[in-house]
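S.K.: Dumping the structure here so I can ask a few things about it.
The values are calculated or read from the model by the stated rules, or taken from the named source; none is laboratory data. If you're wondering where the values come from, they're calculated on a predicted model, not measured in any experiment. Ideal geometry is used to build each Cβ from the backbone, glycine not excepted, and the neighbour counts take in all protein chains shown.
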Amino acid sequence: MHVYLDHAASTAVDDRVLAAMLPYFSEHHGNASSLHTFGQEARTGVATARAQVAALIGAQPSEIVFTSGATEADNLAVLGVALAQEERGRHIVTSAIEHPAVLESCRFLENLGYSVTYVPVDGRGLVDPEDVRRALRPDTALVTVMAANNEIGTVQPVLEIGRMTRERGIPFHTDATQMVGALPMRVDAMGIDLLSISGHKRYGPKGVGALYIRRGTPCRRIQHGGEHERGRRGGTENVPGIVGLGVALQLAGELMEEERIRVSTLRDRLMTRALTIPGARLNGDLTCRLPNNVNLSFEGTDGQSLVIGLDLQGVAASSGSACTSGSIEPSHVLLALGLAPEWAAAAVRLTLGRRTTEAEVDCAAAVLEDVVSKTRRGAPSKV
């Protein structure tokens, strides 16, 4: 049995999404900026997708900017807002466990003379809203805290943070890559001004994403070359990808509650089995957690060996974020939780999806126990 438990890294394109995309590779192949009929057909597809994305988060279609993915969306949010508000201030507040797309954007701004406060998290990976409040200054131009962590699955108190930034008139960005479509998110109710989305995390295509920018939020474009996306981002629209993103998010919204219950039940089944393995510990919060995320450390092992051993026995998992899979350093997220480096290096992430079955979970749990045992003995796992 081959079991795919790396849905936080990427998901298979849903058949319905692919079917919606295909015509835009062939008969509706026009440039969405062209005035002729072919262009109008492409533009209609983009407009439909914009409305679908907006509907899922309670936004207006005009507030959706299509990008090449969540990394570009994060860059546009952090850099665009900061550069647009230099006169207001040059201070940013973020968390210690953000995705590299946010952290590296903040470091880039530091090189330009900006000041960044990196708010810590507790042992469960939770940001304390009071720490955010204490970090705010008169010259704070942006607060950016992710909705849910991509490695440990901890869901952050976005609502509380959004309320305090709204009271002070400070733009609030959240990287919602892992949470949009998995748990409800409404930008008005949560006080969110900018929100990043990725297509391939939610059964859509790779290479497409979106950034919600609340109307009136100052945000300077960082990609030049045309007046596309209402002047927010230059470049010809990826029409098939955008169409796929729209359908994928519409389906995610329709299936959200049913999938939340089903997948969280399977997650708890896997978590319970895995925690019976001696020397196992759960990383992240037990309850404030994405429905599909299980992140565990196993004493006396290392994450890369566990991932290889699992793969040899047909189970696909990861040792952390797919964007840092080439790094030999322990996860910055796990270190921020206060884990010792040897525990942080001994982590494995298993993330379930729409097609995951109970039989696959039971298979993965059995394989995991075997691989942990063999890794501790230093013996290679057999296929």
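S.K.: Find the residue count for the range 36-63, including only residues that are in contact with a helix residue (DSSP H, G or I) (Cβ under 7 Å, 6 or more places away or on another chain), of a type in the set (Val, Ile, Thr) and within 18 Å of Met21 (Cβ to Cβ).
M.R.: 3
S.K.: How do the helices (runs of 4 or more DSSP H) wholly within the range 109-203 filter down when requiring 3 or more residues that are among the charged types (D, E, K, R) and more than 22 Å from the chain's Cα centre (by Cα): which remain? Explain how you work it out, then say what you get.
M.R.: Numbers: elements: 129-135, 158-168, 187-190.
Once the helices (runs of 4 or more DSSP H) in the range 109-203 are filtered for at least 3 residues that are among the charged types (D, E, K, R) and more than 22 Å from the chain's Cα centre (by Cα), what remains is 129-135, 158-168.
S.K.: Now for a separate question. Tell me, please, whether a residue that is closer than 28 Å to Gln250 by Cα and either surrounded by fewer than 21 Cβ atoms within 10 Å (Cβ to Cβ) or out of contact with any helix residue (DSSP H, G or I) (no Cβ under 8 Å at 6 or more places or on another chain) (or both) can be found in the range 128-149.
M.R.: Residues of the range 128-149 closer than 28 Å to Gln250 by Cα: 144-149.
Filter again for either surrounded by fewer than 21 Cβ atoms within 10 Å (Cβ to Cβ) or out of contact with any helix residue (DSSP H, G or I) (no Cβ under 8 Å at 6 or more places or on another chain) (or both), leaving 148.
For the range 128-149, residues closer than 28 Å to Gln250 by Cα and either surrounded by fewer than 21 Cβ atoms within 10 Å (Cβ to Cβ) or out of contact with any helix residue (DSSP H, G or I) (no Cβ under 8 Å at 6 or more places or on another chain) (or both): present.
S.K.: Which one of the conditions (1) of a type outside the set (A, V, I, L, M, F, W, C); (2) part of a helix (DSSP H, G or I); (3) without any contact (Cβ under 8 Å) to a residue 24 or more places away in the chain does Ser34 fail to meet, given that it meets all the rest?
M.R.: (2)
S.K.: Please specify each residue of the range 5-22 satisfying the condition of being surrounded by fewer than 15 Cβ atoms within 10 Å (Cβ to Cβ) and part of a helix (DSSP H, G or I).
M.R.: Asp15, Arg16, Ala19, Leu22
S.K.: When only residues in the range 23-34 that are surrounded by fewer than 16 Cβ atoms within 10 Å (Cβ to Cβ) and small (Gly, Ala, Ser) count, which is farthest from Val243 (Cα to Cα)? Can you show your working first?
M.R.: Taking the range 23-34 first, the residues surrounded by fewer than 16 Cβ atoms within 10 Å (Cβ to Cβ) are 23, 25-27, 29, 31, 33-34.
In the following step, the residues that additionally are small (Gly, Ala, Ser) were identified as 26, 33-34.
Numbers: Ser26: 14, Ser33: 15, Ser34: 17 Å.
Among those residues, the one meeting the criterion is Ser34.
S.K.: Quick one: count up the residues across the range 55-79 that are of a type in the set (A, V, I, L, M, F, W, C), assigned to a helix (DSSP H, G or I) and either outside the structural domain of Pro100 (by TED's automatic domain parsing) or within 19 Å of Pro171 (Cα to Cα) (or both).
M.R.: The initial filter retains those residues of the range 55-79 that are of a type in the set (A, V, I, L, M, F, W, C), namely 55-57, 59, 64-66, 70, 73, 76-79.
Next, from what is left, pick out any that are assigned to a helix (DSSP H, G or I): 55-57, 70, 73, 76-79.
When the remaining residues are screened for being either outside the structural domain of Pro100 (by TED's automatic domain parsing) or within 19 Å of Pro171 (Cα to Cα) (or both), the result is 57, 70, 73, 76-79.
Residues that pass the stated criteria total 7.
S.K.: Let me ask something additional. Return only the number of the condition from (1) farther than 30 Å from Val348 by Cβ; (2) crowded, with 21+ Cβ neighbours inside 10 Å that Gly113 does not satisfy.
M.R.: (2)
S.K.: Provide a single number: the residues in the range 263-291 that are of a type outside the set (D, E, K, R), outside any helix (DSSP H, G or I) and either without any contact (Cβ under 8 Å) to a residue 24 or more places away in the chain or surrounded by fewer than 24 Cβ atoms within 10 Å (Cβ to Cβ) (or both). Give the derivation first.
M.R.: Step one: of the range 263-291, the residues of a type outside the set (D, E, K, R) are 263-266, 270-272, 274-280, 282-284, 286-288, 290-291.
Narrowing the set further to residues that are outside any helix (DSSP H, G or I) leaves 275-280, 282-284, 286-288, 290-291.
If we keep only those that are either without any contact (Cβ under 8 Å) to a residue 24 or more places away in the chain or surrounded by fewer than 24 Cβ atoms within 10 Å (Cβ to Cβ) (or both) too, we end up with 275-280, 282, 286-288, 291.
Adding up the residues that qualify gives 11.
S.K.: Give the residues of the range 168-196 that are touching a residue at least 40 places away in the same chain (Cβ under 8 Å) and farther than 19 Å from Ser95 by Cβ, sorted by residue number.
M.R.: Gly181, Ala182, Pro184, Arg186, Val187, Asp188, Ala189
S.K.: Taking only the range 84-108 into account, find how many residues are β-branched (Val, Ile, Thr) and part of a helix (DSSP H, G or I). Before the answer, list the steps.
M.R.: Taking the range 84-108 first, the residues β-branched (Val, Ile, Thr) are 92-94, 97, 102.
After this cut, where a residue has to be part of a helix (DSSP H, G or I) as well, the list is 102.
Adding up the residues that qualify gives 1.
S.K.: For the range 294-310, what are the residues that are touching a helix residue (DSSP H, G or I) at 6+ places or on another chain (Cβ under 7 Å) and assigned to a loop (DSSP other than H, G, I, E, B)?
M.R.: Of the range 294-310, the ones touching a helix residue (DSSP H, G or I) at 6+ places or on another chain (Cβ under 7 Å) are 294, 296-298, 300-301, 305-306, 309-310.
Gly300, Thr301, listed by residue number.
S.K.: Among (1) within 23 Å of Ala248 (Cα to Cα); (2) in contact with a strand residue (DSSP E or B) (Cβ under 6 Å, 6 or more places away or on another chain), there is one condition Ala47 misses while meeting the rest; what is its number?
M.R.: It fails just one condition, (2).
S.K.: Which one of the conditions (1) surrounded by fewer than 24 Cβ atoms within 10 Å (Cβ to Cβ); (2) closer than 30 Å to Asn292 by Cα; (3) out of contact with any Asp or Glu (no Cβ under 9 Å at 6 or more places or on another chain); (4) not charged (D, E, K, R) does Leu245 fail to meet, given that it meets all the rest?
M.R.: (1)
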